[in-house]
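Before any comments, here is the structure.
No lab work stands behind these numbers, since they all come straight from the coordinates. Keep in mind that what you see is a predicted model, and the values were worked out from it rather than measured. Methodologically, a virtual Cβ is constructed for each residue, glycine included, from the backbone with ideal geometry; neighbour enumeration extends over all protein chains shown.
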Amino acid sequence: MKSTLALSSAALLALAKADGPYTLGSGADDVSSEAWASVAESANLTSSQTFTGRDVSSEFPGSSADGWTVSLAVRDNLPAEDGDDVLTATTLTLTAADEESSIDDSWRVCAHVFPVLSSSNPGFASEVPGCDGLVATECVDDLAKQGRGKFGEGCPSWKITPSCLRDLSEQKGYGVVIDDNLISGNASFFRQVDGSHAADDESVYMTAALQAYAVVTVFGPSGDSDEDAFAEVTCILPDTVEGDSVHPAPEQLEEEEEDAAAGLTKFVGWAGLTGAVALQFLF
């Protein structure tokens, strides 16, 4: 059966909730809350990046807080509600530096997701929370500047600047208001059905394995303030195979010792994997 791709087009079905997760992709409205939770719980591919955010438990503008984390999970063969096909799905989760913290009423926290073009994928996951080699420095600077300048009620996203056209696949990001539940690390703020496909068709999973995202987290005042908002840009892409999951291009896996505690294996050879995806669609 032919695959139905639902990668990152703004023209596809997008279900935005002002105070909840941004849900994107054809058929996403049929995925239950339990199934979305299982994407991270039973992920095939994962990644996480830490960054410096703000202490939102104290009154705005508070102070800087190290240890905020953006996490990504990709799950293949997620059961679909109807038919014989299965889904590949991706989620993004935000965890505060203090997982037990709550957001003081003086704050508004927003997250904006910008899918990165596959042609910009450098072939590896960065060891730092920046976007070096994945998204141009000028674009990162503009995303942060726009995050601060466009900050407002409802967390509306914005049209990207020309500096980002080479690296980002959408003209506008996906914005969501972050509440206490969405900084706990227990609930995703961005949920995407990458596509539906036959169980033995790996093309959608391969594409999801190469999909990177730029995430702009903005910390600002809930009301009038002389202080500007704070914006942090983090780039993330799948870089870890979980447990005994099968990677769509196993020959690209690096032969290194598994992390016994987490059961994780890093993989490399992104350039070769990109070529594998290209070949997949030629036949």
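Exposure proxy for ILE178, ILE183, ILE160: other Cβ atoms within 10 Å of each Cβ, ordered fewest to most, give ILE160, ILE178, ILE183. Distance between the pseudo-spin-label points of GLU34 and ASP84 (7 Å out from Cα toward the beta carbon): 2.6 nm.
Amide H to amide H distances under 5 Å link ARG108 with GLY220, SER222, where only residues 5 or more positions off or on other chains count and H is placed in the peptide plane.
Taking the mean number of other Cβ atoms within 10 Å as a proxy for protection, how do you rank 140-152, 189-201, 205-217 from highest to lowest?
205-217, 189-201, 140-152
In this simple spin-label approximation, GLU41 and GLN171 carry label points 7 Å from Cα along the Cα→Cβ vector, and these lie 4.0 nm apart. Estimated at 0.36 nm per residue, the fully extended path between ASP180 and SER225 surpasses their Cα-Cα distance by 14.0 nm. Computed extension gain for SER106 through ASP244, at 0.36 nm per residue and net of the alpha carbon distance, reaches 45.2 nm.
For segment 41-51, the Karplus equation 6.51 cos²θ - 1.76 cosθ + 1.60, evaluated at θ = phi - 60°, returns couplings of 5, 10, 5, 8, 10, 9, 6, 8, 9, 9, 8 Hz by residue, with Gly and Pro reported as x. Amide H to amide H, with H built 1.01 Å from N, SER101 comes under 5 Å of no residue 5 or more places away or on another chain.
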